[in-house]
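A.B. asks: Please read through the structure below; I'll follow up with questions.
Since every read-out is calculated from the coordinates, none of them should be taken as a lab result. If you're wondering where the values come from, they're calculated on a predicted model, not measured in any experiment. As a convention, Cβ positions derive from the backbone with ideal geometry for all residues, glycine included, and neighbour counts pool all protein chains shown.
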Amino acid sequence: MALMPPSRPYHHGDLRAALLTSAERTLREKGTAALSLRELARDIGVSHAAPGRHFKDKQALLDALALSGFERLNQTLDSADLPDAALEPRMTALARAYVTFTVDHPELLELMYSRKHDPEADTELAAAAEHSLGCFVQLVADAQRRGEIVQGDPEAVTLAAAACIHGLAVLATNGTLPPDAALAGLDQHVHLLLHGLKPR
């Protein structure tokens, strides 16, 4: 009986996903500079020309990786949201989801918020980023309707809150604050954000 030739590691249908998975691993371990379509092809066992069917160049790969990151972040935030909860526990749940995602994927988050994207990808990336912020905008708008938070433009109020939460996430990923400490103190961080620093 003749032996069947070994199958390729990835068939055409999942090559794109395989490339993105390998690219994210390289990004995490070696940084953006180490990413190469040819090296990724070698890593997953396909011809060096195969990635070209999905990504015209390295920038297209980076943009797709950033978009994938936003899609996963958005799924994380959507799953963590507590639409019927009061303001503080709802914001704490969303903030915990955001900071946890950041701590788990610091290199990916840096790429997601990079301004170096192909103009053709900007629209899709901007929409994905807007969805992430939109979770917090909706939280603020709902809280304003219930009288739980100061009135005003929901997006402006959200920007102030998001800057605090993102700042905590950055401190947890750049070595300033241990990630465990950031997550352990997150409830207090959100409480101070919502209630201010003036003595009561």
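A.B. asks: For the chain, take the longest principal axis of its alpha carbons; what is the angle in degrees between that and the long axis of helix 58-80, to the nearest 10 within 0 to 90?
C.D. replies: 40
A.B. asks: Which of Arg53, Arg146, Arg96 has the fewest other C-beta atoms within 10 Å, and how do the rest follow up to the most? Could the numbers behind the result be given before it?
C.D. replies: Details: Arg53 12, Arg146 9, Arg96 16.
Lowest count first: Arg146, Arg53, Arg96.
A.B. asks: Can I ask one more? What is the pair-distance distribution P(r) of the stretch 12-55, computed from all Cα-Cα distances in 10 Å bins starting at 0, with each bin given as a whole percent?
C.D. replies: 30, 60, 10
A.B. asks: On to the next question. Cα convex hull of the chain: how many Å³ per residue?
C.D. replies: It is 165 Å³ per residue.
A.B. asks: Quick one: putting +1 on the C-beta of Lys and Arg, -1 on the C-beta of Asp and Glu, what dipole do you get for the stretch 12-55 around its Cα centre, in Debye to the nearest 20?
C.D. replies: 80
A.B. asks: Now a separate question. Given a Förster distance of 25 Å, report the FRET efficiency between Glu71 and Ala33 from their Cβ-Cβ distance, rounded to the nearest 0.05.
C.D. replies: Here the calculated transfer efficiency is 0.55.
A.B. asks: How large is log10 of I(q)/I(0) for the stretch 127-171 at q = 0.13, 0.20, 0.25, 0.33 Å⁻¹ when the intensity is taken from the Debye formula with one equal scatterer per alpha-carbon?
C.D. replies: -0.29, -0.63, -0.88, -1.14
A.B. asks: Sticking with this structure for a sec: Estimate the FRET efficiency between Thr21 and Ala163 by the formula 1/(1 + (r/R0)^6), using the beta-carbon distance for r and 30 Å for R0, to the nearest 0.05. Walk me through the numbers before you get to the answer.
C.D. replies: Working: r = 32 Å, r/R0 = 1.06.
My answer for the efficiency is 0.40.
A.B. asks: Rank these for me by crowding, Val140, Val150, going from fewest to most other beta carbons within 10 Å.
C.D. replies: Listed from fewest to most nearby Cβ atoms, that is Val150, Val140.
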